[in-house]
1. I'm trying to understand the selection: among the residues of segment A:148-179, which are within 16 Å of ligand 1 (Cβ to nearest atom) and of a type outside the set (A, V, I, L, M)?
2. Can you pull out every residue in segment A:415-431 that is assigned to a loop (DSSP other than H, G, I, E, B) and either surrounded by 13 or more Cβ atoms within 10 Å (Cβ to Cβ) or touching a residue at least 24 places away in the same chain (Cβ under 8 Å) (or both)?
3. Going through A:S225, A:S137 one at a time, which residue ends up being farther than 21 Å from A:Y477 by Cα, modelled with pLDDT of 95 or more, more than 16 Å from ligand 2 (Cβ to nearest atom) and among the small types (G, A, S)?
4. Output the residues belonging to segment B:43-98 that are among the hydroxyl-bearing types (S, T, Y) and more than 14 Å from B:L31 (Cα to Cα).
5. Exactly one condition in (1) open to solvent by 10 Å² or more (accessible area, probe 1.4 Å); (2) assigned to a helix (DSSP H, G or I); (3) more than 17 Å from B:C129 (Cα to Cα); (4) in contact (Cβ under 8 Å) with a residue 40 or more places away in the chain is false for B:D190; which is it?
6. From (1) among the aliphatic types (A, V, I, L, M); (2) open to solvent by less than 20 Å² (accessible area, probe 1.4 Å); (3) at pLDDT below 95, pick out the condition that doesn't hold for A:V49.
7. Looking for something within 27 Å of A:G248 (Cβ to Cβ) and not in a loop (DSSP other than H, G, I, E, B) - is there at least one such residue anywhere in segment A:340-355?
8. Quick check on my filter: what residues within segment B:492-518 are of a type in the set (A, V, I, L, M), assigned to a helix (DSSP H, G or I) and within 14 Å of another protein chain (Cβ to nearest Cβ)?
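The values are calculated or read from the model by the stated rules, or taken from the named source; none is laboratory data. Because the structure is predicted, anything quoted here is derived from the model rather than measured. A quick note on method: Cβ atoms are made from the backbone with ideal geometry, for glycine too, and the neighbour counts reach across all protein chains shown. Only protein heavy atoms, including side chains, enter the accessible area calculation; ligands, DNA and RNA are left aside. Shrake-Rupley method; radii C 1.70, N 1.55, O 1.52, S 1.80 Å.
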Amino acid sequence: MTVELFEKIPNNVNLSADKRLQRALEQWLPNYISWWKEMGPDQFQESDVYLRTAVSVESDGWAHFDYVKMPEYRWGIFLEPQVPGRTIGFGDHYGQPAWQEVPGEYRNTLRRIIVTQGDTEPASVEQQRMLGHTAPSLYDLRNLFQVNVEEGRHLWAMVYLLHSYFGKDGREEAEAMLERRSGDRDKPRILGAFNEPVKSWLDFYMFTMFTDRDGKFQLCALSESGFDPLSRTCKFMLTEEAHHMFVGETGVDRVVQRACELMKETGSNDPQAIVKAGGIPLDMVQRHLHLWFSLSEDLFGGEISSNAAEFFAAGLKGRYKEDGYSEHTGLNQFYEMPVPSEGGKIVMTQVPLRNAMNEVLRDGYVADCQRAVDKWNRTIERQLGERGADFKLALPSRRFHRQIGIYGMNAGNYFDPSGQPISAGEFESQRSKWLPTDSDREYLKQIMRPVTEPGKIAGWIAPPARGINGQQIEFEYVRHLPA
Amino acid sequence: MENAAKTESTHPVPPSFETAPDRYRHFRIELDGDVARLLMSVREDEPLCPGYVLKLNSYDLGVDIELCDAVQRLRFEHPEVRTVVVTSGRDRIFCAGANIHMLAQSTHGFKVNFCKFTNETRLAIEDACRHSGQKYLAAVSGPCAGGGYELAMACDEIILIDDGSSTVALPEVPLLGVLPGTGGLTRLVDKRKVRRDRADVFSTLAEGIRGKRSVEWRLVDQIAPRSRFAQVVHTRAHQLATEAKAALPSAPGPQTGVVLEPLSPTVDGDTISYRFVHLKLDRTHRTAHLTMNGPGPGQAVGSAEALHQLASRGELWALRAFRELDDVLCRLRFHEPLIGLVILQTRGDRAEVLAADAALYAQREYWLGREVLLNMARVLRRLDMTAKSFFAVVEGESCFAGSLLELLLAADRSYVLESPEVKLATGTLNAGALLCGNGQTRLGLRCHDQPARVDEILRRGEAGPLSAEDADKLGLCTVLADDLDFADTLRLAVEERVSLSPDALTGMEQNLRFPGPDLSEGKVFGRLSAWQNWIFIRENATGPQGALTSYGRPERPSFDWRRT
Ligand SMILES: [Fe+2]
Ligand SMILES: [Fe+2]
């Protein structure tokens, strides 16, 4: 690979002088591009997309807008500028200088953390690759692709860490991230939610709302890391993650708004009437909310976790906004949590704080999700007034429909959305009320017809409040669509 | 007895492991043609550190360092000796074993190292019996218990005085609640072929067994009454010497001994420097850098005479360099318990090492050539048994060739720089002259997954040094990394290694270093010592009411009866 090619890669890590990184990228980059072409957005590789590209970390540099063909997107490597004299903010190494190199003691643990985070990035691109064919508008299509290329850049960010700090096996792990495939039986992505299909645009909005928000919290916890390059990388990724969550939160909001509009137009509270009118009824929205919220909660890991304790003790992964805590060792403190015990009873239990760090992070996540749900409910109220009171959306209890941890169904624990323990049989009998059904999916598939005319929007969703980068909603966000 | 309760901090470690007969405090060597008498008369009031009295010819590390030196010097300085009679220089006592009060006041780490060192000394005795044609005969003329009987069992034969009171005994289990851990149980059944039910009875019988029954049970080879004891021992010693001479004659060449000159390293802060071996300690990283230099020119001698001359002048690299390695390993073990990882490096000219090795190997039938080779093998086995991690680091200036390649093969891992200058070279001595304790070559152990590779590697090595890439293909590199990766890869590996549990690492390494079949030597370390070390830290032995703690006190021990 020529030096000029490296010069095209926007970065603030002095790539042009870093022989080791160049050598690693030389191998990896062609494979990345083939992966993108194979597993990136299906059939839109030749389209011109109005995309944001980060070209530097300066305030004017990280959001540069222009038309670009996705395979030619300038994926870059950016770290938040270094804070001189930064110290480790928590755990057993509290107060010591942050590590600029990987400490050998934690090498394997750090690599696992980085690989686990990194693996989610290409996974989501794979999960979303067919959605381009059914976008409700060019605006939404563009947002999808923006999310996709930025997930690609997030992969780059994690690969940068592997290449720069983990030698040969770092390079091997970077390759392996291009080899796993979301949903593949033989070589699946690492985490469960990243193997679930994102089939409809409702799934996509729920995914970017709930699953990308897990990403936000993981990145926040990792940006506290004592390993400074990881911390700085994650901080920069958070600026991009914000847009992904915006896409999800406003997407669901627009679906909700459209449902309310149709309820008003039809004058009916019956979901079937909304279906007839081509909208997505609120109970169907609620079922999808149940699904994606619970899947995303699983991504935080077990409620009582020795890994979490180890990550915190070692100074590798902190709490959300660690600065806001007055005590940073997490020792001799307890977290009270309801733990299912023999006979299906739930008993409040004192768990050593370090072992409860996943739950602590999940607390912040649940609160953040609740804020968005409240906003959707305000939309319902605005649209329907008092009539909307029966249609409020709600987060389920965090015990509902969990695959892992102390509430996990794998341990034989079943709960209703309010968190009351129920039997497996009861759960199954209510499943179609609580979680998306085959007929929901069939219906969504039916109504998801692409709308490609600038300024036009599908009938199941309301238009956005405003366009991207000050452009009109009618702006041609994607040009040269596949025939 | 009140001393037994002393704090653990005072354990007896000498500053140096070197000694010489004119400095011995506890042993005397008497020469009589082809028979030597090694007389043990331990000075009660000269323990290595205050806190115990070396009663009844009991021993501590200071005593055993002299024994080790004597065994070594008898081989090199007195090759004419074909039988060594191990006996007591004191009346009516042979040896009461390791000093109980010394053990009781020692740290666990010291006990383990002590046990290992004494085991190695006894194995050196057996090595002399088996491979040097220097037989050992234990002449037991008084009570012989515990470590004393274990010492006797390390000899080829045991003659016990039949005086109605002298016994051989292994009282550790019934009296002290620990094991006869210096090879006793293993040698009882493996070497002396004592029936295992009788061995069970014997090992729980504190007062031991004497007279006829000790012969019947194969605990000793002969008994003799007091009046004839000296004569019987004398006769048998000369018989053994004659047999040994016939069984293992030396090839022609000078038959006089060579003096083992002092090593006298320079110790300066955290470095120890010998002529060929250098050790640098990095205490913050709990790591040591051990560099071994190859020989200069002039080592590829063509005759027994030339070999003898070189050794007599103290200039034989193969002898000197490996003696230095031996000494530094002892220092690392006893003086540097906090060092967890040793980085093995080599420097020098590969061709010179290979030439020196080949010349030495050509003299393997000549007594001195044989002894130098046997010594190299013993030192490498000391390395195999050292409870530290070893990483071999191979760079451009490295000299992992022939006998020095054994260091890489002994290491737990090898980090090899991918560069055209980097070469590894096999030679004559990698093919079977320097065996591990389990009777296997290090190359064989390295290729245990693909035995055919051993020949392939040796054949390729004959054609010239192996490139780093070839060495990697042949399975000799754990990690091959280019100059962009090398330093960081190694740094991370070192930091990671020293962060792991030292106990788990010791256990893991000892389990992985010796794949495949095993010999008694492996059982002594791997089974007997390992169990002994476990028992040593149990409450039943060293707790406040443990058997070892209560020994010699008015209270009886009190046990936790649960079997574990
Ligand atoms: Fe991401
Ligand atoms: Fe994202």
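1. A:N148, A:E150, A:E151, A:G152, A:R153, A:H154, A:W156, A:Y160 - these are the residues of segment A:148-179 that are within 16 Å of ligand 1 (Cβ to nearest atom) and of a type outside the set (A, V, I, L, M).
2. Selection gives A:D416, A:P417, A:G419, A:Q420.
3. A:S225
4. Listed by number, the residues that qualify are B:Y52, B:S58, B:Y59, B:S88.
5. Unmet for B:D190, out of (1) open to solvent by 10 Å² or more (accessible area, probe 1.4 Å); (2) assigned to a helix (DSSP H, G or I); (3) more than 17 Å from B:C129 (Cα to Cα); (4) in contact (Cβ under 8 Å) with a residue 40 or more places away in the chain: (3).
6. The single condition A:V49 does not satisfy is (3).
7. no
8. Once the filter is applied, which keeps residues that are of a type in the set (A, V, I, L, M), assigned to a helix (DSSP H, G or I) and within 14 Å of another protein chain (Cβ to nearest Cβ), segment B:492-518 yields B:L492, B:A493, B:V494, B:V498, B:L505.
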